[in-house]
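See below for the structure under consideration.
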Amino acid sequence: MPKKIHHAPSGPSAIGPYSIATEAHGFVFLSGMVAFDPATGKPVEGDVTDEARQVMENIGAVLGDVGLAYGDIVKTTIFLDDINDFAAVNAVYGEYVGEGKPARSTVQVGALPAGFLVEIECIAAR
């Protein structure tokens, strides 16, 4: 199967030269999502928990647009501005992935774009 670029009208728009979702060989790769509200194109207000919730909602919207769901996620990577936010983000993340529990890595980074506190990328399987 050749690479397919997906446009996800329910999710946030790409803010650079990348695709929100790309599919190849039965896998859908979602770019790192930050807490942009797709309706306004602006960052959500609040703390890391509010950001994590918006990120997971954005992931769900993009997955839905390509015919998948949270249960189809096989791998995620969580990027945190501060590793001390791990427990708060983990609690929100767990509400969305449930018993599906994909493989995951979580790392603290030096900074995230636009001052965001959390970014999550994922890979889903058809």
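The values are calculated or read from the model by the stated rules, or taken from the named source; none is laboratory data. This is a predicted model, so every value here is computed, not measured. Don't worry about glycine lacking a Cβ; one is built from the backbone with ideal geometry, like all the others, and counts go over all protein chains shown.
Before moving on, here are some points about what is shown:
- Scanning region 39-62 for residues that are touching a residue at least 12 places away in the same chain (Cβ under 8 Å), in a helix (DSSP H, G or I) and under 17 Å from PHE79 (Cα atoms) gives VAL48, THR49, ASP50, GLU51, ALA52, ARG53, GLN54, VAL55, MET56, ASN58, ILE59.
- Among the residues of region 14-32, those that are out of contact with any Gly (no Cβ under 7 Å at 6 or more places or on another chain) and assigned to a loop (DSSP other than H, G, I, E, B) comprise ALA14, ILE15, GLY16, PRO17, TYR18, SER19, HIS25, GLY26.
- Total residues in region 69-86 satisfying the condition of being free of Cβ contacts under 8 Å to residues at least 40 places away in the same chain and either part of a loop (DSSP other than H, G, I, E, B) or more than 13 Å from ALA52 (Cα to Cα) (or both): the figure is 7.
- Taking the numbered list (1) surrounded by 13 or more Cβ atoms within 10 Å (Cβ to Cβ); (2) more than 20 Å from ILE5 (Cα to Cα); (3) of a type outside the set (A, V, I, L, M, F, W, C) in turn, GLY115 passes all entries but (1).
- The numbered conditions (1) under 14 Å from VAL66 (Cβ atoms); (2) among the hydrophobic types (A, V, I, L, M, F, W, C); (3) surrounded by fewer than 17 Cβ atoms within 10 Å (Cβ to Cβ) are all true for ALA14 except (1).
- Condition check for GLY26: more than 23 Å from LEU80 (Cα to Cα), in contact (Cβ under 8 Å) with a residue 60 or more places away in the chain and not β-branched (Val, Ile, Thr): yes
- Some residue of region 92-110 being over 14 Å from the mean Cα position of the chain (by Cα), over 21 Å from GLY64 (Cα atoms) and at pLDDT below 95: yes
- Residue check, GLY94 among the small types (Gly, Ala, Ser), touching a helix residue (DSSP H, G or I) at 6+ places or on another chain (Cβ under 7 Å) and outside any strand (DSSP E or B): no
- Checked against (1) within 30 Å of LYS4 (Cβ to Cβ); (2) surrounded by fewer than 19 Cβ atoms within 10 Å (Cβ to Cβ), ILE83 passes all but a single condition, namely (1).
- Among the candidates VAL89, VAL66, residue that is touching a strand residue (DSSP E or B) at 6+ places or on another chain (Cβ under 9 Å), in contact (Cβ under 8 Å) with a residue 60 or more places away in the chain and surrounded by 15 or more Cβ atoms within 10 Å (Cβ to Cβ): VAL66
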